[in-house]
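The values are calculated or read from the model by the stated rules, or taken from the named source; none is laboratory data. None of these values were measured; they are calculated from a predicted model. Note that we place each Cβ from the backbone using ideal geometry, even for glycine, and neighbour counts take in every protein chain shown.
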Amino acid sequence: MSFLTKDKRLKKKNIEEFNSRGWTLIDLKLSQNIINNTLRGLENIRKDAIKKNYKPRRIYYDHLISNNLSAIELPFNKSICNKDIHNLFIKAKIGSLIKSLMNWQSPCCDLSRLFCMGDFKYRGNWHRDYKGDLTTIQNSSSERSVLLAGIYLTNQKGFRILKKDYDFNGIKTIIKNEYVEDTVNSFQYPLNPPSESYYEIEGKVGHVLFFDPFLMHQGSTFGSRFDFHMKFYDSKESKFKRNIFQDFDVIDILDENLELPVNSQEIAKFKKFHKIPFDKKSTVIQRIRNSIDYRIGLRKILKFKKIKNSKYKLIKKSGWNIDWFSNTQWQK
Ligand SMILES: O=C(O)CCC(=O)C(=O)O
Ligand SMILES: [Fe+2]
């Protein structure tokens, strides 16, 4: 890496933190004015997505009254994006930071999603973003070929990353073998590992979290959120597109000029091929159930007999416990 091209916002400490523990938070040095305008742009994109019924989206735990649009997929598409969001990317220069952090030549973004959940507590399942050779987990995160960036526009504490010491082959491992790995990865409900086994990230407005998505992680928030969730790799090729407001390449579906599918046949093909969800709103009955359970938190507890099966007993022995109150107002 030549000294001249190193992004000055990235400190030696950030590189060391990322390489050893797999994550680091960096201040993007955005002005208050840009942050305020971005927040306006985000409120508008969310409003437009609901009004126009923009289909590339995720809806988790849909509620009866409020529209719990959880994430907008393909958020740079010209049919939904706006000037304030373009300006954020012009100023944030994420590509420049990635080149310096990973020593990559041409970062290319192949997943981009805007989390925009309403004012609900939320917790997902523990997972890795891709399958790979688990014996490399303890390696320096600088060796990975995939990087995740979370750009925070609201303060949000909660995102969890399992410490390497507790991961596969770690000195205090709670993932002792592939069976535990697979069971934790596919477990139907959010789990709590021992509190000392994971980092809880405190996302701050105007900061970017770079993390190693091969490490086990769990989405977790305590209220409304706005953050871009973006995956990158080093393309080394020049066949990719670039949106004029960004300093990194994107795969074809993230080109702002992509024409989105319109009829149900085209949508079905697009969803399957590109693995982009076009979530439907839940039925009224499901929404009533979700809204009631959010306040009461009994749904999982009533299923305890079914949940406490042999698979659960095995991972419990390794230190994983059901998070009974996740996704309710009682979530801790
Ligand atoms: O909700 C989040 O912040 C985590 C999302 C995540 O890890 C994923 O989509 O792979
Ligand atoms: Fe993930």
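For S145, the criteria (1) farther than 23 Å from N14 by Cβ; (2) part of a loop (DSSP other than H, G, I, E, B) hold in every case but one, which is (1). Exactly one residue out of F226, F240 is among the hydrophobic types (A, V, I, L, M, F, W, C), within 30 Å of N103 (Cα to Cα) and modelled with pLDDT of 95 or more: that is F226.
Candidates in the stretch 205-223 are the residues that are in a loop (DSSP other than H, G, I, E, B) and more than 16 Å from ligand 2 (Cβ to nearest atom); of these, the one that is nearest to I15 (Cα to Cα) is G206. Every condition in (1) under 27 Å from F273 (Cβ atoms); (2) within 16 Å of ligand 2 (Cβ to nearest atom); (3) of a type in the set (D, E, K, R) is met by K55 except one, and the failing one is (2). Test Y189 against the stated conditions and say whether it is within 15 Å of ligand 1 (Cβ to nearest atom), of a type outside the set (S, T, N, Q) and touching a Lys or Arg at 6+ places or on another chain (Cβ under 8 Å). Criteria not met by Y189.
Condition test on E202, is it assigned to a loop (DSSP other than H, G, I, E, B), surrounded by fewer than 18 Cβ atoms within 10 Å (Cβ to Cβ) and away from ligand 2 (no atom under 16 Å from the Cβ)? The answer is no for E202. Among residues of the stretch 222-243 that are under 18 Å from N77 (Cβ atoms), those with a beta-carbon under 9 Å from a residue that is part of a loop (DSSP other than H, G, I, E, B) and within 16 Å of ligand 2 (Cβ to nearest atom) at least six positions away or on a different chain give the pairs F226/M117; H229/G219; K231/D129; K231/V146; K231/P213. When the residues of the stretch 76-116 are filtered to those that are aromatic (F, W, Y) and over 15 Å from V146 (Cα atoms), the one that is nearest to the chain's Cα centre (by Cα) is F115.
Here I151 passes the criteria (1) modelled with pLDDT of 95 or more; (2) hydrophobic (A, V, I, L, M, F, W, C); (3) within 16 Å of ligand 1 (Cβ to nearest atom); (4) closer than 30 Å to W324 by Cβ except the one numbered (4). Within the stretch 109-124, if we keep just the residues that are more than 20 Å from S291 (Cα to Cα) and either surrounded by fewer than 16 Cβ atoms within 10 Å (Cβ to Cβ) or among the aliphatic types (A, V, I, L, M) (or both), the residue that is nearest to ligand 1 (Cβ to nearest atom) turns out to be L111. The one condition from (1) under 28 Å from Q32 (Cβ atoms); (2) over 17 Å from the mean Cα position of the chain (by Cα) that V205 does not meet is (2). Within the stretch 100-135, restricting attention to residues that are in contact with a Leu (Cβ under 7 Å, 6 or more places away or on another chain) and away from ligand 2 (no atom under 11 Å from the Cβ), the residue that is nearest to Q331 (Cα to Cα) is C116.
Sub-9 Å Cβ pairs linking a first residue in the stretch 157-169 that is at negative phi to a second residue that is among the basic types (K, R) and surrounded by fewer than 20 Cβ atoms within 10 Å (Cβ to Cβ), at least 6 apart or interchain, are I161/R21; K163/R21; K163/K172; K164/R21; D165/K172; Y166/K172; F168/K176, ordered by first then second residue. In the stretch 130-151, the qualifying residues are those that are within 17 Å of the chain's Cα centre (by Cα) and surrounded by fewer than 16 Cβ atoms within 10 Å (Cβ to Cβ), and the one that is nearest to F18 (Cα to Cα) is Y130.
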